[in-house]
1. If you take the residues in the stretch 106-148 that are surrounded by 17 or more Cβ atoms within 10 Å (Cβ to Cβ) and assigned to a loop (DSSP other than H, G, I, E, B), which one is modelled with the lowest pLDDT?
2. Taking the stretch 176-231 as the region of interest, how many residues are in a loop (DSSP other than H, G, I, E, B) and hydrophobic (A, V, I, L, M, F, W, C)?
3. Looking only at the stretch 149-168, how many residues end up being part of a helix (DSSP H, G or I), within 26 Å of the chain's Cα centre (by Cα) and touching a residue at least 40 places away in the same chain (Cβ under 8 Å)?
4. Could you list, in sequence order, all residues of the stretch 156-177 that are surrounded by 14 or more Cβ atoms within 10 Å (Cβ to Cβ) and either closer than 16 Å to Tyr222 by Cβ or out of contact with any helix residue (DSSP H, G or I) (no Cβ under 7 Å at 6 or more places or on another chain) (or both)?
5. Out of the stretch 52-83, which residues are loosely packed, with under 14 Cβ neighbours inside 10 Å and within 17 Å of Arg14 (Cα to Cα)?
6. Taking into account only those residues within the stretch 217-238 that are under 14 Å from the mean Cα position of the chain (by Cα) and crowded, with 20+ Cβ neighbours inside 10 Å, which is nearest to Val162 (Cα to Cα)?
Amino acid sequence: MRALVNKTSSALSRSSAEPLHRQLEALLESAIRGGALKPGDRLDSEGVLAKRYGVSRITLRQAVGALVRKHLLVRKQGKGTFVTEPAVRHDLSRLNGLLGSLFSQAAGASARLLHYDLKKPPADIAELLRTAPGTRAILFERLYLINGKPVAVTRSWLAPEVAAIPRLKAELISTEDMMSEVGIRIASTQVAIRAVAAGARVGGLLKLSARAPILELSRSSYASDGAEKQVGHIWFCSDRYHLVCATQNAGAMEGLFDLRNVSG
């Protein structure tokens, strides 16, 4: 741990109504958010920290556990506890795109358009998009990065009307904004999430091994008449994204997405 947070038990007050583990949690959180502890820094061992702050190991574990749940720390088996990279919070219950979430929260965010091409979609995609036989649709693929490091990639088929958006403009706006500009109003979006192995192609784009675990989000967007206007996937580096769902009632969540975990 850096010397900037090398404080002793004097930083904690046993006469305070606030429990020691919460005081220690706040102290460590302040060090992380203030930059004294940087992303990738490894905390000292439990024994060293417990002695430094004059607390029991149980108290220390409570404080560290709270910061793990806040995604500020991560435990790595056999290696220790580390400060995480800041996670991008993306609300699945809103129709705003991944691009907006990334650029509004992450310093050093960028995006690279890999594919924006009119192509004949596979038969199953053409059926979902309700396109006439032989009609082409937009194959859209974009890579998302933070400080030059890939963190997510999306690949979708978009309704052919989107082709009216020039490629240069498509590099800068979300797919939702692209569809809005050509008069497509998205009334609902359905997503399903599962844990998968990256695979060769996605792993290569995200600079991960083919066996690395990532999150796969399948997404379908519908116009008010029920016609599907976007179908595709987003693959996330799960340590860089915090996916949330804000709903008005429990039943709404069931209709929004299915959360599944698969192995293999």
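1. So, considering only residues that are surrounded by 17 or more Cβ atoms within 10 Å (Cβ to Cβ) and assigned to a loop (DSSP other than H, G, I, E, B), the one modelled with the lowest pLDDT is Ala106.
2. Taking the stretch 176-231 and keeping what is in a loop (DSSP other than H, G, I, E, B), we get 182-185, 198-199, 207-212, 224-227.
With the extra rule that they be hydrophobic (A, V, I, L, M, F, W, C), the set shrinks to 182, 184, 198, 208, 210, 212, 227.
Of the residues in the stretch 176-231, 7 are in a loop (DSSP other than H, G, I, E, B) and hydrophobic (A, V, I, L, M, F, W, C).
3. Total satisfying the criteria: 1.
4. Across the stretch 156-177, the qualifying residues are Ser156, Trp157, Leu158, Ala159, Pro160, Glu161, Val162, Ala163, Ile173, Thr175, Glu176, Asp177.
5. Ser56, Arg57, Ile58
6. Result: Ile234.
The values are calculated or read from the model by the stated rules, or taken from the named source; none is laboratory data. Quick caveat, the model's predicted, so the values are computed rather than measured. When we count neighbours, we look across all protein chains shown, and the Cβ atoms used for this are built from the backbone with ideal geometry, even at glycine.
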